[in-house]
Ligand code: ADP
Ligand code: MG
């Protein structure tokens, strides 16, 4: 007890006196304490969460020299400069510095004069260097960007893989020093790989902070040709800007930026949208200009390929749109994570369709060439070194194909390339390692596909993907799965009476059994001819969203063949459903039509299904969308002058209420709901209840105040 109390005091004192911070951020203290107790640990927290402090503070508390291994010179220089500015004794050794500096750093290290020594992993390959380090054991070893160790990680670095080999010599003795591995991105597979590669002893895992409460995630199937219109439609609303749009190709990025700049006025939006493209094909000055202008608020929208965002530190990004499927969930999470850094509500949209799979297959083949290509290059190699150009000619591959193949061979040890551009043969083991990695990439994409069709809360799915199982059971409440009624891009309609009857029948069919397969269910209920497979699945998805049932993927074997199927089970809520209290069901009905094809044909005639859908005003200024059925003519929800005045009063009240309750404003009332209140001016609690987004609890809490504003 006493010891823990002491270490707490020591850590808090150092936090203030050395770093000048008043408080720990979430989880920092627990991590520091574990390190101080000498535990090996893996720390996975998002970028910007404050991981560096988690090794720096215990390093100072433990004394001695902390050895920090970092993959990028820029990262090393940045951290070293910050620590030096705090008055700490720091040295770096990397290829960007001259020999004299490196030599002095070694001397200082051996004399125990340093608190931090930063090195690049390849330094350990320099003969004599690991032995030099081992002469005086470090007090703590930190490995930053530790996902580089794993070939499952997206930045795999062969030199990182060697680390595990050198660590034992640096940490032997009666009191082994703690090894801390830090990263912002590691799936459970990568986490396991890091632990085993580094030979961590009884490690503690800290995996935290992936949930972002102010991000409402939406995923919608949008056919390729309709995406430009949908994106222009979304971003016509100034409240949805600044925004980043991620495009899948340079061409798409430029085209979209042009559409946005041109399309704004024809959309009737207030003024121009300032949009620009950003991709690796632009020259560095142009890229620099775009980035600076966006940062400064002179650009509203940047349409980028994945090259954008690393250096971006802009807190008020309201929207992130993916105009195509990302390759991995890690990349996707990093990109949507750029929205709403200021904590204000922000929305992200992922557009996908079947066509994305083809695009992706193309990229996969380009980035992970067939083993045959690597084989061609490998066969042309031998012990004597040859020029890269010579080898290229021998391989008979095209220039790009050759470069890719050689790059992969080198990463996996099949070829050695020196700085002068000479190549010699490496070992034979590359083939297996490469195949595993290519396979892994393909699986990563499968996960993205699964995510798009899943009926799980979007945020919970991401949190689970990053391995924070403990936090993954709580739904976010605001994504398109949790709260379909507020989805902007995805259109949901209320279930028809006939559909509700089927829902009731499904519930009865499942009562008293453990589960039924979806196919069996459809057959037993005699629905095979009546509903298409898609319609039936849509109904089941709606039931999952309403938490009436759970669906689990499963397999069975028949005649040596593995067959996939889906198990359907009733939940507690499903069990308690009675015919007299039918569930409110929202069924996915494609995309809101007002966004579809908008830029291309602004006055496109709407398809008509039937009349009588319920109309709901959408977020600030954008014309209404319909839930229920699509109407012949869109009804623009323009507020009158009096309506505007009421909306302003409501907003003021909402702000004050949010402050009082210490919650974000949208928790008190969504913009959409607020507009609907201003529009309909309810006079009594019953009328108030009819507005979407206002339930009995809201009436109870805020009814009097809202009605007061409406009638006053
Ligand atoms: P990460 O490595 O997790 O991406 P950093 O360690 O670079 O993040 O920290 C991000 C920023 O947060 C840095 O500017 C750092 O100084 C700051 N920071 C870290 N911990 C605290 C704290 N307890 N209080 C205030 N600022 C902090
Ligand atoms: Mg960091």
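The values are calculated or read from the model by the stated rules, or taken from the named source; none is laboratory data. This is a predicted model, so every value here is computed, not measured. Neighbour counts are summed over all protein chains in view; Cβ atoms, including those assigned to glycine, are modelled from backbone coordinates with ideal geometry.
Among the residues of the stretch 381-390, which ones are surrounded by fewer than 20 Cβ atoms within 10 Å (Cβ to Cβ) and either within 11 Å of residue 409 (Cβ to Cβ) or touching a helix residue (DSSP H, G or I) at 6+ places or on another chain (Cβ under 9 Å) (or both)? Result: 386, 388. Per the listing 544, 528, the residue uniquely within 21 Å of residue 498 (Cα to Cα) and part of a helix (DSSP H, G or I) is 544.
For the stretch 635-653, state whether one or more residues are at pLDDT 85 or above, assigned to a helix (DSSP H, G or I) and within 32 Å of the chain's Cα centre (by Cα). For the stretch 635-653, residues at pLDDT 85 or above, assigned to a helix (DSSP H, G or I) and within 32 Å of the chain's Cα centre (by Cα): present. Pick from the stretch 24-50 the residues that are more than 10 Å from ligand 1 (Cβ to nearest atom) and assigned to a helix (DSSP H, G or I): which of them is surrounded by the fewest Cβ atoms within 10 Å (Cβ to Cβ)? Per the criteria, the residue is 30.
Residue-wise test of (1) within 28 Å of residue 670 (Cβ to Cβ); (2) surrounded by 13 or more Cβ atoms within 10 Å (Cβ to Cβ).
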| site | (1), (2) |
| --- | --- |
| 446 | no, no |
| 450 | no, yes |
| 463 | yes, yes |
| 470 | no, no |
| 484 | yes, yes |
| 495 | yes, yes |
| 503 | yes, yes |
| 512 | no, no |
| 519 | no, yes |
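Screening the stretch 368-438 for helices (runs of 4 or more DSSP H) wholly inside it with 3 or more residues that are within 26 Å of residue 150 (Cα to Cα) and free of Cβ contacts under 8 Å to residues at least 60 places away in the same chain returns the ranges 371-379, 399-411. Residue 150 passes all but one of (1) crowded, with 22+ Cβ neighbours inside 10 Å; (2) modelled with pLDDT under 95; (3) within 16 Å of ligand 1 (Cβ to nearest atom); which number fails? Only one criterion in (1) crowded, with 22+ Cβ neighbours inside 10 Å; (2) modelled with pLDDT under 95; (3) within 16 Å of ligand 1 (Cβ to nearest atom) is unmet by residue 150, namely (3). Could you run through the stretch 114-151 and say how many residues are at negative phi, in contact with a helix residue (DSSP H, G or I) (Cβ under 8 Å, 6 or more places away or on another chain) and in a loop (DSSP other than H, G, I, E, B)? Of the residues in that region, 10 qualify.
When the stretch 58-75 is limited to residues that are within 13 Å of ligand 2 (Cβ to nearest atom) and surrounded by 22 or more Cβ atoms within 10 Å (Cβ to Cβ), the one that is modelled with the lowest pLDDT turns out to be 70. Filtered by the rule that a residue be farther than 23 Å from residue 344 by Cβ, at pLDDT below 85 and assigned to a loop (DSSP other than H, G, I, E, B), the stretch 284-309 gives 306, 307.
For the criterion of being within 13 Å of ligand 2 (Cβ to nearest atom), over 15 Å from residue 205 (Cα atoms), part of a helix (DSSP H, G or I) and out of contact with any helix residue (DSSP H, G or I) (no Cβ under 9 Å at 6 or more places or on another chain), residue 53 fails.
Exactly one residue out of 64, 164 is touching a residue at least 12 places away in the same chain (Cβ under 8 Å), closer than 29 Å to residue 36 by Cβ, more than 16 Å from ligand 1 (Cβ to nearest atom) and assigned to a loop (DSSP other than H, G, I, E, B): that is 64. With respect to being within 12 Å of ligand 2 (Cβ to nearest atom) and out of contact with any strand residue (DSSP E or B) (no Cβ under 7 Å at 6 or more places or on another chain), residue 23 falls outside the description. Residue pairs whose Cβ atoms lie under 7 Å apart, sitting 6 or more positions apart in sequence or on different chains, and linking a residue in the stretch 22-49 that is more than 27 Å from residue 164 (Cα to Cα) to a partner that is within 7 Å of ligand 1 (Cβ to nearest atom), are 24/15; 25/49; 25/50. Going by the conditions given, is residue 100 away from ligand 1 (no atom under 16 Å from the Cβ) and more than 39 Å from the chain's Cα centre (by Cα)? Yes: the conditions hold for residue 100.
A single entry from 114, 83 fulfils the requirement of being crowded, with 17+ Cβ neighbours inside 10 Å, closer than 25 Å to residue 157 by Cβ, at pLDDT 95 or above and within 16 Å of ligand 2 (Cβ to nearest atom): 83. Residue-level check: of (1) under 23 Å from residue 163 (Cβ atoms); (2) part of a helix (DSSP H, G or I); (3) free of Cβ contacts under 8 Å to residues at least 24 places away in the same chain, residue 96 misses just (2). Listed here are the helices (runs of 4 or more DSSP H) enclosed by the stretch 659-699 that have at least 3 residues being surrounded by 22 or more Cβ atoms within 10 Å (Cβ to Cβ) and modelled with pLDDT of 80 or more: 671-680. Only a single item in (1) part of a loop (DSSP other than H, G, I, E, B); (2) modelled with pLDDT under 90; (3) away from ligand 1 (no atom under 16 Å from the Cβ); (4) closer than 30 Å to residue 316 by Cβ is not met by residue 232, and it is number (1).
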